[in-house]
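The structure under discussion appears below in the form of C-alpha cells.
The values are calculated or read from the model by the stated rules, or taken from the named source; none is laboratory data. Since the structure is predicted, the reported quantities are computational estimates derived from the model, not experimental observations. Because the Cβ atoms are built from the backbone with ideal geometry, glycine has one as well, and the counts that use them run over all protein chains shown.
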Amino acid sequence: MKESFLGGENMQELLEIFKKRQFRKLFAGATNNTLIQFFRYCFVGGAATIVDWGLSSLLFYFAFGQQYAVLANGLSFVAGLLTNYFLSTFWVFRSAKIKSRLAEFLGFAVIGVVGLLLTLGITKLFEIGMADITSAYQIISKIVSTAVAFLWNFFARKYLLYNKKEDE
C-alpha cells in the first residue's frame, strides 16, 4: 500500500521513472502514486484557475459589469470547479470510494468550497494583521491562501474521495 506522500514506494517509483527516463508515466496511465497524482493535480489546478479567472474577467468586463462582480465570480468558481472535477476524475484520480457520481461530485464540491473559505479566511487574516504594515499584504495573502487551498483540495480529495485501499 502506498500511504506516505514522500517516502516508501511512492518515491521509489518516481525515482525509477526518472532513472529509466519513462516520463510518459508522469502524464499517462492510471496510478495510485501520490507524487504522480500531485504532479498531475498541479496541471489540473492550473487549468481550473485559468478557467475561473478567465471566465470571471470575461463576465465582469464584458457581460455583467462591476455591480454583478459577485455573480461573475460565483459563476466562474463553479466553472473552475467543474473543470477541476472532470480533469481530476479523468486524469488524476480514476477510482472513487463513492459509487454514486452525484455523491462523488457533491463531496468534491464541498471540499472545493472549504478551500474557497480557507482562501477567504486567510486573505481576511492578512488584511487585519498586515494592512497597517505593508500594502503588499494582498499579494502575500493571495500566495499563502492559494497554496493552502491547493494543498487542502488535493489531500482532502485524495484521502476522502479517491484513496481506495488495494483490497477494496
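This table checks each residue for (1) closer than 16 Å to Phe154 by Cα; (2) in contact (Cβ under 8 Å) with a residue 40 or more places away in the chain; (3) touching a Pro at 6+ places or on another chain (Cβ under 6 Å); (4) not assigned by TED's automatic domain parsing to the domain that holds Phe155.
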{"position": "Thr34", "(1), (2), (3), (4)": "yes, yes, no, yes"}
{"position": "Gln37", "(1), (2), (3), (4)": "yes, yes, no, yes"}
{"position": "Phe64", "(1), (2), (3), (4)": "no, no, no, yes"}
{"position": "Leu82", "(1), (2), (3), (4)": "yes, no, no, yes"}
{"position": "Glu104", "(1), (2), (3), (4)": "yes, yes, no, no"}
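Within region 92-107, the set of residues being within 22 Å of Phe39 (Cβ to Cβ) and surrounded by 18 or more Cβ atoms within 10 Å (Cβ to Cβ) comprises Val92, Phe93, Ala96. Only one of the listed residues (Leu71, Leu59, Leu87) is outside the structural domain of Ile143 (by TED's automatic domain parsing), within 19 Å of Lys158 (Cβ to Cβ) and of a type in the set (A, V, I, L, M, F, W, C). That residue is Leu87. The set of residues from region 124-156 being over 17 Å from the mean Cα position of the chain (by Cα) and surrounded by 17 or more Cβ atoms within 10 Å (Cβ to Cβ) comprises Phe126, Tyr137, Ser141. The residues of region 29-77 that are of a type in the set (A, V, I, L, M), surrounded by fewer than 17 Cβ atoms within 10 Å (Cβ to Cβ) and either modelled with pLDDT under 85 or not in a helix (DSSP H, G or I) (or both), listed by number, are Ala30, Ala63, Ala69, Val70, Leu71. Give me the pairs: first residue in region 142-168 and modelled with pLDDT of 85 or more, second residue surrounded by 15 or more Cβ atoms within 10 Å (Cβ to Cβ) and aromatic (Phe, Trp, Tyr), beta-carbon distance under 6 Å, and six or more apart or on different chains, which are they? As it stands, the answer is Phe154/Tyr41; Tyr162/Phe93, since those pairs meet every condition given.
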